[in-house]
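To keep things clear, I will list the structure first and then write my remarks on it.
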Number of protein chains: 2
Amino acid sequence: MFSSETESLTKSERTRANLRETALHSFRELGYDATTIRLIAQETGVSVGTTHYHFPSKHHLVQELYLDVQQAHLDVALPLLDSTNDLVERLGIVYRTGLDGLAPYHPFAPEFLSAAVSPRSPINPLSTESAPALAIVVDLFRAAVDGAKHSLPVDIARRLPDALVLGHLLLALFWVYDRSPGQERSFQLLDRGLRILRGALPLARIPLLRTPLREALDLIAEVRA
Amino acid sequence: MFSSETESLTKSERTRANLRETALHSFRELGYDATTIRLIAQETGVSVGTTHYHFPSKHHLVQELYLDVQQAHLDVALPLLDSTNDLVERLGIVYRTGLDGLAPYHPFAPEFLSAAVSPRSPINPLSTESAPALAIVVDLFRAAVDGAKHSLPVDIARRLPDALVLGHLLLALFWVYDRSPGQERSFQLLDRGLRILRGALPLARIPLLRTPLREALDLIAEVRA
């Protein structure tokens, strides 16, 4: 089934796909620091020059990893969202499957974080280079909100996905620091956060709260920009 | 005036003080990456061995920098706090003087961030090694809250400093990314955040809101721990 797909690719496309697979495998098994263009070339059985032709730098390979992780997140989360129209349950599904998908990378998470955190880094999740991968997550959170049965004011619901994505990035930051077995503290933190959200969401309908809440959400959107 | 203080120091204490001064100067002028134990030894006119005796690694020098920056923050902010007993104005003073104190380091902020962000890093602001420096900031925020005239419930006021410090760290993170002239966007973000806080603080007295707010503050304390 996969082979027929492969056959329709040109030789150059096949080489690119192979390099990409080798890199994804290496990031997962060896981490960020140990994955080099030289190693990927060697493992794929092509020259360093050919590798550079397809992926000018290691950063381009990391972007492939981001796209792969986010696409897998989408593929796992979307079908699960069909099981409920409760907003908080749907958000729980998106956040939990997000953490699940990151699990294999936890041993190497500090390396990735150090390399990605600088505002100058082309693998910073908020960089222009990472925009296509981040867009997948934003769409996923928007789908979780839009498909839910909720009674949030429209102006709040529309602003929610950006804040939820920032929550996702901050949860991932906490998860990098989480040394508990299976990163269970991150899941507990998430559950507590969702419980508070469940108690707080109905309050968004109170006129007195709606303005500061809308302003806070605008502020969050500003932070992300 | 300074010399009489210096004269009472032993030779070893003087060497340590000189090394510390050279390092602080170097971090400020050359940044994190370019400041090395070798350079500090050379600039101070002592051997690398002597330098290692006083500061076993570059990380120990960064801790001196943290203490210096936080102590200077305290020294600038405390007298200014006397000018008002309004809680939000007092918080504004602490946040603004904090950003002002960081200004000279902005060109090198990405280097510092990359080196400090890993949970394994001994210069992570939340690491055990950095606890004494962080304690100064926590005390400063506690002083800002305790000396203010406010009508917050006791359980909320007591939990506030931890959340405010987390806000301080997140504001500093935003500031690292801020490429606007003089980092004016960070100050604008702060002003907007304070305006929202001013509108939202009275709501903490509403019984319906008090529980989710207290739970949210506990969650924040948990994140910091």
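Throughout, read-outs are computed from the coordinates displayed, never taken from laboratory work. Source: prediction; values computed, not measured. Ideal geometry is used to build each Cβ from the backbone, glycine not excepted, and the neighbour counts take in all protein chains shown.
Couple of notes before you dig in:
- Residue match in the range A:41-53 (condition: crowded, with 16+ Cβ neighbours inside 10 Å and touching a Phe, Trp or Tyr at 6+ places or on another chain (Cβ under 7 Å)): no
- Meets criteria (within 14 Å of chain A (Cβ to nearest Cβ), closer than 26 Å to B:PHE187 by Cα and of a type outside the set (Val, Ile, Thr)) for B:LEU126: yes
- Filter result (crowded, with 19+ Cβ neighbours inside 10 Å and of a type in the set (S, T, N, Q)) within the range B:140-198: B:GLN183, B:SER186
- When the range B:93-128 is filtered for residues that are part of a helix (DSSP H, G or I), farther than 12 Å from B:HIS168 by Cβ and in contact with a helix residue (DSSP H, G or I) (Cβ under 6 Å, 6 or more places away or on another chain), the ones remaining, listed by number, are B:ILE93, B:PRO104, B:PHE108, B:ALA109, B:GLU111, B:PHE112, B:LEU113, B:SER114, B:ALA115.
- Selection status of A:ALA135, within 14 Å of another protein chain (Cβ to nearest Cβ) and of a type in the set (A, V, I, L, M): no
- Checking every residue in the range A:94-105 against the condition of being surrounded by fewer than 17 Cβ atoms within 10 Å (Cβ to Cβ) and more than 16 Å from the chain's Cα centre (by Cα) gives zero matches.
- Pairing residues of the range A:178-198 that are more than 10 Å from every other protein chain (Cβ to nearest Cβ) with residues that are β-branched (Val, Ile, Thr), at Cβ distances under 7 Å and at least 6 apart in sequence or on separate chains, gives A:LEU194/A:VAL88.
- Meets criteria (at the interface with chain A (Cβ under 9 Å from one of its Cβ atoms) and not hydroxyl-bearing (Ser, Thr, Tyr)) for B:ARG158: no
- Residues of the range B:26-51 classified as more than 24 Å from B:LEU113 (Cα to Cα) and not acidic (Asp, Glu), total: 10
- Counted residues, the range A:3-55 - those being assigned to a loop (DSSP other than H, G, I, E, B), more than 18 Å from A:LEU102 (Cα to Cα) and within 23 Å of the chain's Cα centre (by Cα): 2
- Subset of the range A:56-81 [without any contact (Cβ under 8 Å) to a residue 24 or more places away in the chain and either in contact with an Asp or Glu (Cβ under 9 Å, 6 or more places away or on another chain) or part of a helix (DSSP H, G or I) (or both)]: A:LYS58, A:HIS60, A:ASP75, A:PRO79, A:LEU80
- With respect to the conditions (1) under 20 Å from B:PRO110 (Cα atoms); (2) touching a residue at least 12 places away in the same chain (Cβ under 8 Å); (3) not in a helix (DSSP H, G or I), B:LEU169 falls short on a single one, namely (3).
- Flag not set for A:PRO56, criterion: within 30 Å of A:LEU201 (Cα to Cα), exposed (fewer than 15 other Cβ atoms within 10 Å of the Cβ) and away from chain B (no Cβ under 14 Å).
- Taking the conditions (1) more than 12 Å from every other protein chain (Cβ to nearest Cβ); (2) in a helix (DSSP H, G or I) in turn, A:PHE174 satisfies each one other than (1).
- Residues within the range B:199-224 that are more than 10 Å from every other protein chain (Cβ to nearest Cβ), closer than 21 Å to A:LEU189 by Cβ and among the small types (Gly, Ala, Ser), tallied: 1
Let's see how each residue does on (1) closer than 20 Å to A:ILE220 by Cβ; (2) of a type in the set (A, V, I, L, M); (3) in contact with an Asp or Glu (Cβ under 9 Å, 6 or more places away or on another chain):
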| site | (1), (2), (3) |
| --- | --- |
| A:HIS106 | no, no, yes |
| A:SER130 | yes, no, no |
| A:ARG158 | yes, no, no |
| A:LEU164 | yes, yes, no |
| A:ARG179 | no, no, no |
| A:ASP191 | no, no, no |
| A:PRO207 | no, no, no |
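- Condition met for A:THR84 (among the β-branched types (Val, Ile, Thr) and under 29 Å from A:HIS59 (Cβ atoms)): no
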